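Only one structure is covered here, and it is reproduced in the block below.
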Amino acid sequence: MGYLAASINNFDLQICQSPLDLQKVAKLRYQCYRSVDAIREHAQEEFLDLYDGRANTKSCMVYEDDQLVGSIRACVYAPELGNLSIPAFEVYKEDIQQAIGLDKVIVESNRFVITQEKADSKVLFKVPFRFIVLNINKFDADYVITAVRPKHVPLYQRFLTMEPISQPKKYPGIEVDMVLMAGNCKKGMNALTAREPMYAIPAYEVENYSL
């Protein structure tokens, strides 16, 4: 299913379906990470990693009119997907094991980027997480995790009722210290969807979605 939502406050949310889609996302990631000096400059001007090609991973794109303005990626750790590794395990695995356990279904939200021009948009900030919620629903996840800059910890505590479970560490692929945060999906999803109606995803959309 390529079309995730017709429109959310003039933003269109679409699932990456082709190599061209992923290339567009890679270029956006590069531009956004370079703008905050999170990665070094290189001639290709794209940012991909080994997880982009894995069966437990998928990215989405957010468009405003014809312009790509945001993206996010979901990586799923679940028995039905062979318990393939997720990026957070590279540096936070002990923290995850201690706080959550490795016997849980986990959706990791990562590679969240927004263009500089839209960085202050409160609506656009929320839109990509609808894709994360879709994955949470599809795989009946126990926990959702994401790594954020230390200064953004309070925002994620308020917005997604997530709590920090690690000290700041270098996240794989970028030269930035990040704190890993986790949220209990079984306890928090009902409150989140009640607070943010865009996250109340209809059953047919969940059924038609696949990684």
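The values are calculated or read from the model by the stated rules, or taken from the named source; none is laboratory data. All figures in this text were calculated on a predicted structure; none of them were measured in a lab. Cβ coordinates were reconstructed from backbone atoms using ideal geometry, including for glycine residues, and neighbour counts include every protein chain displayed.
The table for this structure:
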| quantity | calculated |
| --- | --- |
| Looking only at segment 129-165, and only at residues there that are charged (D, E, K, R) and free of Cβ contacts under 8 Å to residues at least 24 places away in the same chain, the one that is surrounded by the most Cβ atoms within 10 Å (Cβ to Cβ) | GLU163 |
| So GLU64, is it surrounded by 14 or more Cβ atoms within 10 Å (Cβ to Cβ) and either of a type in the set (Ser, Thr, Tyr) or modelled with pLDDT under 95 (or both) | yes |
| Residue that is modelled with the highest pLDDT [pool: residues in segment 115-126 that are buried (at least 16 other Cβ atoms within 10 Å of the Cβ) and closer than 23 Å to ARG34 by Cβ] | THR115 |
| Residue match in segment 14-21 (condition: closer than 17 Å to ILE174 by Cβ and free of Cβ contacts under 8 Å to residues at least 60 places away in the same chain) | no |
| Residues satisfying the stated conditions in segment 71-97, i.e. outside any strand (DSSP E or B), touching a residue at least 40 places away in the same chain (Cβ under 8 Å) and not acidic (Asp, Glu) | ALA78, LEU81, PRO87, ALA88, VAL91, TYR92, ILE96 |
| Residue selected from segment 134-148 under the condition of a type in the set (D, E, K, R) and touching a strand residue (DSSP E or B) at 6+ places or on another chain (Cβ under 9 Å), by the criterion nearest to GLU108 (Cα to Cα) | ASP142 |
| First in segment 24-46 and at positive phi and without any contact (Cβ under 8 Å) to a residue 40 or more places away in the chain, second anywhere and assigned to a helix (DSSP H, G or I) and surrounded by 18 or more Cβ atoms within 10 Å (Cβ to Cβ), Cβ under 6 Å, 6 or more apart | GLU45/TYR30 |
| Any chance GLN98 is over 13 Å from the mean Cα position of the chain (by Cα) and at pLDDT 95 or above | yes |
| Residue within segment 150-157 that is out of contact with any Lys or Arg (no Cβ under 7 Å at 6 or more places or on another chain) and either within 15 Å of THR57 (Cα to Cα) or assigned to a loop (DSSP other than H, G, I, E, B) (or both) present | no |
| When residues of segment 167-209 are limited to those that are in contact (Cβ under 8 Å) with a residue 12 or more places away in the chain and small (Gly, Ala, Ser), the one surrounded by the most Cβ atoms within 10 Å (Cβ to Cβ) | ALA182 |
| Residue within segment 36-50 that is touching a Leu at 6+ places or on another chain (Cβ under 8 Å) and charged (D, E, K, R) present | no |
